[in-house]
Structures are given as structure tokens and as C-alpha cells.
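Following: one structure in C-alpha cells, then a few remarks.
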Amino acid sequence: MKEIALLIAANLASQAPDRRSDAHLFDVQLDILRKGLAPNGFELTPVRWVESGVDWARYAAVMVNCAWDYQDRHDDFLATLDRIAALGVPVFNDPATVRWNIRKTYLREIEGKGVPVIPTLWPEAPIADDLTHAMDVFGSDDVIIKRQVGGGARGQTRYTRANLPAPGSILDRPGMIQPFVPAIATEGEYSFLFIDGDFSHALVKRPKSGDYRIQEAYGGRSEAIDPTPTDRAAAQLVLDVLEAPPLYARVDMVRAADGKLLLMELEVLEPYLFPKDGPQIGAMLGAALKRRLG
């Protein structure tokens with residue numbers, strides 16, 4: 001069996017004293033991925049990416065997609081991936097792809113290739129005036145500010161003209177401001193999962209009543225769906241504009257007022273794969289790894 005290292009957040013480790021509340025999602029994913037990789041000759045071993053002294057050269061490859069705590073140390077995280085790759089160990093997704101995807105300014109590039117994206121402004125040092133400017137630009141009195149590097153709705157805030165913050169700084173790092181898309185609170189956010197460019201499964205994630213955040217940590221829930229051909233084609237277009245398909249990808253989208261799906265995020269860094277909604281994704285990943293590693 002070839003051993004594959006799965007990079008994980010420190011607080012996902014089974015023995016972590018501060019194990020995160022959603023670690024059960026990781027446990028499910030790890031089980032399904034292990035079952036899918038084993039018939040292809042691979043053994044999956046979780047390794048904390050912050051751990052020192054790891055002999056990375058012992059592994060046949062390294063997978064990145066459970067490093068859920070990279071946000072506040074992303075430079076260290078990228079340096080770790082570079083060190084592993086410099087040893088000749090294949091990294092999936094590769095460091096160049098991760099570096100491109102880690103800052104959400106990649107959305108500008110994808111939009112430039114014809115993919116419909118939620119309109120976005122990109123203040124490097126966001127202040128309160130940026131919110132009113134964004135409202136004027138978008139023609140919306142309801143906006144969301146997010147971190148350019150981040151995930152899980154951390155540091156995310158919704159503002160309206162009725163609840164604007166006091167003048168001055170509103171975020172301690174580069175941000176992105178988008179109009180609030182009402183469908184996320186009613187219809188939900190769609191996720192489409194792909195392995196090596198091939199579609200695996202799709203789901204819709206809905207927030208709890210009175211919220212708009214769809215993550216389980218905020219009371220959100222997900223449901224497997226059979227997407228319409230039009231919606232699936234919209235997700236496929238996002239992958240089609242890339243130079244090469246990543247090993248794994250999740251395309252997150254929300255419906256605009258005209259009925260078309262808009263890209264919220266292309267997640268090729270550390271997406272949760274929602275394997276309970278598509279357990280075949282483990283076998284797909286195992287087969288894809290076998291093709292790539294030989």
C-alpha cells in the first residue's frame with residue numbers, strides 16, 4: 001500500500017484537546033475516503049500541517065483538503081506546501097493552484113473568462129465608507145463583507161443602510177464586499193463536487209430560519225439533489241475555464257434574480273466534500289489518484 005498524507009487542521013486530530021465542534025464531519029469524510037482509496041492501493045494518514053519534523057518524503061503523495069485552519073497562517077501554510085513539493089512529493093491540489101485559490105481575488109480572473117460571478121469590490125483596508133460606496137455601486141442597501149483569505153463565514157458581516165458601523169476600519173485585513181443575494185436565505189446555496197474534472201454529486205445548503213449562513217456551525221443543513229442540466233452546466237463551466245482540472249473541486253453557487261446561477265466560490269484548497277451525499281466520491285478520488293500517480 002502506498003501511504004498518502006492527508007493534511008489536517010491541528011484541532012481535527014482525534015487526540016486534540018480543543019477538537020472542533022464540527023470534527024465529526026471530518027471523521028465521516030476520512031472514513032469514506034479511506035474506503036475509496038484502499039482498493040486502489042492507497043492508505044490515507046492524517047497529518048497536522050503545523051507539525052514539525054515530519055518526514056514528508058516517506059509519503060507517495062500529500063492531499064491538502066482538510067487543512068481547515070490555514071486562514072490566519074496562510075503564508076506559513078503555503079511555505080509548508082512548497083517545502084513538501086520541493087522534496088519531489090506530489091501535492092494535491094498543487095501549491096500553485098492552492099496559492100491562486102487561497103485569495104478570493106481569483107474570482108476576478110474567472111469572471112474575466114465568462115463565468116457569471118457575484119459583483120464584488122475589493123478594498124485592501126476596508127473602512128465604513130467602503131460599505132456605502134458598495135451599496136451605491138451595486139444599487140443595493142444590503143451587503144456582505146468577507147475576508148479575501150478565509151472560509152466558514154469567519155469574519156463575515158452583513159450590513160444594511162439601517163445598521164452601518166461607525167466611521168473607520170471595519171476589517172483588520174483585505175476584504176471583499178458583495179451585494180446580499182436573497183436566494184441564499186430562501187433557496188439556499190448550491191454545491192457541485194468534481195473529481196479530476198468529472199462530476200460526482202450536488203447538494204443544496206440552507207441556513208436556519210432567520211439566518212443566511214449555511215454552515216452547520218450556524219445551524220445550516222444540506223440535502224442531496226439531482227441538479228437540472230442547466231445548473232450542472234453552469235457549474236461545469238467554472239471548471240472548463242481552468243487550464244487543467246484539479247484533483248478535487250467544489251463549485252459553490254447561488255441563484256440570481258434572473259434565475260441563473262452565480263459563482264460564490266470555487267473551492268480547490270480545502271473543501272468539505274459532503275461525502276454522505278455522494279459516497280462514491282471516495283472511489284472516484286482513489287481512481288483519480290491511481291491515474292495520476294501510476
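The values are calculated or read from the model by the stated rules, or taken from the named source; none is laboratory data. Everything quoted here is computed from the prediction, not taken from an experiment. Heads up, the Cβs are rebuilt from the backbone with ideal geometry, glycines too, and the neighbour counts pull from every protein chain shown.
Below, the figures for the structure above:
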item	result
Residue list for region 1-57, filter: assigned to a loop (DSSP other than H, G, I, E, B) and charged (D, E, K, R)	ASP18, ARG19, ARG20, ASP22, GLU51, ASP55
Among residues of region 152-209, those that are assigned by TED's automatic domain parsing to the domain that holds ASP240, part of a loop (DSSP other than H, G, I, E, B) and either among the hydroxyl-bearing types (Ser, Thr, Tyr) or in contact with a helix residue (DSSP H, G or I) (Cβ under 9 Å, 6 or more places away or on another chain) (or both), counted	5
Test: ILE102 is in contact with a strand residue (DSSP E or B) (Cβ under 9 Å, 6 or more places away or on another chain) and either farther than 21 Å from PHE180 by Cβ or surrounded by 16 or more Cβ atoms within 10 Å (Cβ to Cβ) (or both)	no
Answer residue from region 255-294, given it is basic (Lys, Arg) and under 25 Å from GLN156 (Cα atoms) and is surrounded by the fewest Cβ atoms within 10 Å (Cβ to Cβ) among those	LYS260
Among (1) in a strand (DSSP E or B); (2) within 30 Å of GLY286 (Cβ to Cβ) - the single one ILE214 does not satisfy	(1)
Selection from region 163-173 of residues that are surrounded by fewer than 17 Cβ atoms within 10 Å (Cβ to Cβ) and out of contact with any Lys or Arg (no Cβ under 7 Å at 6 or more places or on another chain)	ASN163, LEU164, PRO165, ALA166, PRO167, GLY168, SER169, ASP172
Output for region 24-46, where each listed residue is surrounded by fewer than 17 Cβ atoms within 10 Å (Cβ to Cβ), within 23 Å of the chain's Cα centre (by Cα) and aliphatic (A, V, I, L, M)	VAL28
Failed condition for ALA125, given (1) assigned to a loop (DSSP other than H, G, I, E, B); (2) at pLDDT below 95; (3) hydrophobic (A, V, I, L, M, F, W, C)	(2)
Conditions (1) without any contact (Cβ under 8 Å) to a residue 60 or more places away in the chain; (2) touching an Asp or Glu at 6+ places or on another chain (Cβ under 6 Å); (3) within 23 Å of ALA244 (Cα to Cα): number failed by TYR59	(3)
Test result for VAL64, out of contact with any Cys (no Cβ under 9 Å at 6 or more places or on another chain) and either within 29 Å of GLN280 (Cα to Cα) or in the same structural domain as ALA249 (by TED's automatic domain parsing) (or both)	yes
Subset of region 243-294 (residues that are outside any loop (DSSP other than H, G, I, E, B) and either within 11 Å of the chain's Cα centre (by Cα) or at positive phi (or both))	TYR248, ALA249, ARG250, VAL251, ASP252, MET264, GLU265, LEU266, GLU267
Residue satisfying condition, being exposed (fewer than 15 other Cβ atoms within 10 Å of the Cβ) and not hydrophobic (A, V, I, L, M, F, W, C), within set GLY139, GLY220	GLY139
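Listed here are the residues, each with its yes/no results for (1) touching a residue at least 60 places away in the same chain (Cβ under 8 Å); (2) crowded, with 16+ Cβ neighbours inside 10 Å.
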residue	(1), (2)
LYS146	no, yes
GLY150	yes, yes
ARG161	no, no
MET176	yes, yes
PHE180	no, yes
ALA185	no, yes
GLU189	yes, yes
ILE195	yes, yes
SER200	yes, yes
